[in-house]
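Here's the structure, in structure tokens; my notes come after.
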Number of protein chains: 2
Amino acid sequence: MAVYTDITEIDLKRFLTEYDVGELLSYKGIAEGVENSNFLLHTTRDPLILTLYEKRVEKSDLPFFLGLMHHLASRGLNCPLPLPRRDGALLGELSGRPAAMISFLEGMWLRKPEARHCGEVGKALASMHLAGDGFEITRPNALSLDGWKGLWEKSVDRADEVQKGLQDEISADLTHLAAHWPADLPTGVIHADLFQDNVFFLNDELSGLIDFYFACNDMLAYDVSICLNAWCFEADGSFNRDKGAAMLEGYRSVRPLSDAEIAALPLLAHGSALRFFLTRLYDWLTTPAGALVVKKDPLEYLGKLRFHRQVLSATEYGLEA
Amino acid sequence: MAVYTDITEIDLKRFLTEYDVGELLSYKGIAEGVENSNFLLHTTRDPLILTLYEKRVEKSDLPFFLGLMHHLASRGLNCPLPLPRRDGALLGELSGRPAAMISFLEGMWLRKPEARHCGEVGKALASMHLAGDGFEITRPNALSLDGWKGLWEKSVDRADEVQKGLQDEISADLTHLAAHWPADLPTGVIHADLFQDNVFFLNDELSGLIDFYFACNDMLAYDVSICLNAWCFEADGSFNRDKGAAMLEGYRSVRPLSDAEIAALPLLAHGSALRFFLTRLYDWLTTPAGALVVKKDPLEYLGKLRFHRQVLSATEYGLEA
């Protein structure tokens, strides 16, 4: 749930005079997104999302995020489109926060996706990777190897509180990944957080991707590995090969994966599982009881990274040779 | 904020087959209401609110609440209208909760109302009191004298933790109110919770009343006193006579107040301030840290009840003699 900053109708109306959006009819704080405050606006024209960027988002990153959505939408990807103000800017300020108006995408995220949906996600991810080509701003991935080390240094002393032996196990993983992390795979703009709640469907068809606030430049195949982790495990922790196969075939039908990318997938998936394990572990150890954010269990991703650690080749994910 | 129960798109689509509402396009949990889970639905027709009734609402009270909205809307009051299912029922079940589909009212609640808005609220409250006439189900006010005594018994031992001396002060208030509580003022259906967030405005005109989940049968003037408490005090705790005058004149322009009602207003306002003080005190003492509900400060209402305790006549609220 996320409405960290409330807004008065007076401030909102003043803010909206900078936009050509018709007349405001209502605004409701919505319980989606954990980083920012989001409001669904009804106007005499189309519905809109108003996002107030909270402290966890770096203001200097906003031109990248908003420019990227604009770039992707202009290349035909179904994603939210930031509305320019009358002066052309994509960003304003409201209730002391940077704020943007963004088109509202109809559609629903799937609480229980099936293999065919994973196939659609693979295709959409590949389409996004192609559409990202030519976007001129860059943003390094703050949550790659160096970021993991930083998170781990802040958590390592207390890691065994979560599960005995974690201190040694994760330290060894980090050493292994640092020694073998690929350096020459194709890179581009990646979504980096394409979980279920960031993909909308209408009548079983994928209708759009949202929430580009972790997007950055990194290996495209790393983004694929994030989706394998996010979409292809069952609630009992087991990997579903049908989903993995659908995801990877869907992706390859739009953007082929090179042999080197395929060979690297188990290591990349091990790394991306570690990435989500580490942020969840850090939040788990540091979020005070009573915070509005629901803490996610780091152990879910511990199971996933252990799975990938023993995977020998991408055929175990369901990929046809 | 309030989304206590999540729903899957599969369950929701099955639920919607019972209704004639067009095709579902999206649903978003909204951060309003503290008792229930509310979702804003977009369909190929009009937007709708889906409410899942959580544990604090008695299921046996739902026919009263839903029937009342239906009754009031049919009498021309702008309030949400429960949609009947194909079988005529106003209530269904979703995710294990009683659930209803309700029309969505455009409009915004005012974070900083002015006296003219209080006048509109007074008129709308009186209109609701008149429109409630003829509604055949009844529901006693569980939060009147007996309810207050029950809440106080559960809190009295720890009351001095909140402010020293409260134990004696509030016990004396309860004795005084019980001895003098009016018995023969006009009664009817009251809203009983008409705070700012339950009144919508569009372009400075009141566009509707929402949230009838505390509605019950009680003295109509008691409902007026709740609104005096909710709308006519400033953030510094002072009573604003201009707002009080506007509220009472607005009310009287639609439904006259009898001499007995006017004479009873200070005592009723003392009682209604005590009612909100007691529920907030109880929640303050019992809500665990970490709950999703934001605890409201009971001391705000302590100040209000102390104010009303020394009011001699309704002229102090701004009422013209």
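The values are calculated or read from the model by the stated rules, or taken from the named source; none is laboratory data. Since the structure is predicted, the reported quantities are computational estimates derived from the model, not experimental observations. Positions of Cβ are generated from backbone atoms using ideal geometry, with glycine treated the same way; all protein chains shown enter the neighbour counts.
Some notes on this structure:
- The requirement of being more than 30 Å from A:Leu166 (Cβ to Cβ), over 12 Å from the mean Cα position of the chain (by Cα) and within 14 Å of chain B (Cβ to nearest Cβ) is satisfied by A:Asp204.
- Of the listed requirements (1) within 14 Å of another protein chain (Cβ to nearest Cβ); (2) touching a residue at least 24 places away in the same chain (Cβ under 8 Å), A:Leu83 misses just one: (1).
- Strands (runs of 3 or more DSSP E) fully within segment A:116-226 that include at least 2 residues being surrounded by 15 or more Cβ atoms within 10 Å (Cβ to Cβ) and touching a Lys or Arg at 6+ places or on another chain (Cβ under 9 Å): A:216-219.
- Segment A:103-115 - residue that is outside any loop (DSSP other than H, G, I, E, B) and within 14 Å of chain B (Cβ to nearest Cβ) and, of those, surrounded by the most Cβ atoms within 10 Å (Cβ to Cβ): A:Met108
Residues checked against (1) within 30 Å of A:Lys13 (Cα to Cα); (2) in contact with an Asp or Glu (Cβ under 8 Å, 6 or more places away or on another chain):
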position	(1), (2)
B:Gly29	yes, yes
B:Glu35	yes, yes
B:Leu40	yes, no
B:Arg56	no, yes
B:Pro63	no, no
B:Ala73	yes, no
B:Phe104	yes, yes
B:Met108	yes, yes
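- Residue count for segment B:175-230 satisfying the condition of being closer than 13 Å to B:Leu268 by Cβ and among the hydrophobic types (A, V, I, L, M, F, W, C): 13.
- Filter pass, A:Ser272 being surrounded by 16 or more Cβ atoms within 10 Å (Cβ to Cβ) and either touching a Lys or Arg at 6+ places or on another chain (Cβ under 9 Å) or at pLDDT 95 or above (or both): yes
- Among residues that are more than 14 Å from chain A (Cβ to nearest Cβ), within 17 Å of the chain's Cα centre (by Cα) and under 26 Å from B:Pro140 (Cα atoms), B:Gly76 is not included.
- Scanning segment B:227-242 for residues that are in contact (Cβ under 8 Å) with a residue 12 or more places away in the chain and in a loop (DSSP other than H, G, I, E, B) yields a total of 3.
- Screening the candidates A:Gly122, A:Gly165, A:Gly147 for the property of being more than 26 Å from A:Leu281 (Cα to Cα) and away from chain B (no Cβ under 14 Å) yields one hit, A:Gly122.
- Some residue of segment A:244-267 being under 20 Å from the mean Cα position of the chain (by Cα), surrounded by fewer than 15 Cβ atoms within 10 Å (Cβ to Cβ) and in the same structural domain as A:Lys296 (by TED's automatic domain parsing): no
- Considering (1) under 22 Å from B:Trp148 (Cβ atoms); (2) in contact (Cβ under 8 Å) with a residue 24 or more places away in the chain, the lone condition that B:Gln310 does not fulfil carries the number (2).
- Conditions (1) within 14 Å of chain A (Cβ to nearest Cβ); (2) assigned to a loop (DSSP other than H, G, I, E, B); (3) touching a residue at least 60 places away in the same chain (Cβ under 8 Å); number of the one not met by B:Val57: (1)
- Among the residues of segment B:5-51, the ones that are in a loop (DSSP other than H, G, I, E, B), at the interface with chain A (Cβ under 10 Å from one of its Cβ atoms) and within 12 Å of B:Arg97 (Cβ to Cβ) come to 2 in all.
- Test: B:Gly96 is within 22 Å of B:Asp197 (Cα to Cα), in the same structural domain as B:Asn36 (by TED's automatic domain parsing) and surrounded by fewer than 17 Cβ atoms within 10 Å (Cβ to Cβ): no
- Matching entry among B:Asp133, B:Asp168 (being farther than 16 Å from B:Ile210 by Cα, at pLDDT 95 or above and touching a strand residue (DSSP E or B) at 6+ places or on another chain (Cβ under 9 Å)): B:Asp133
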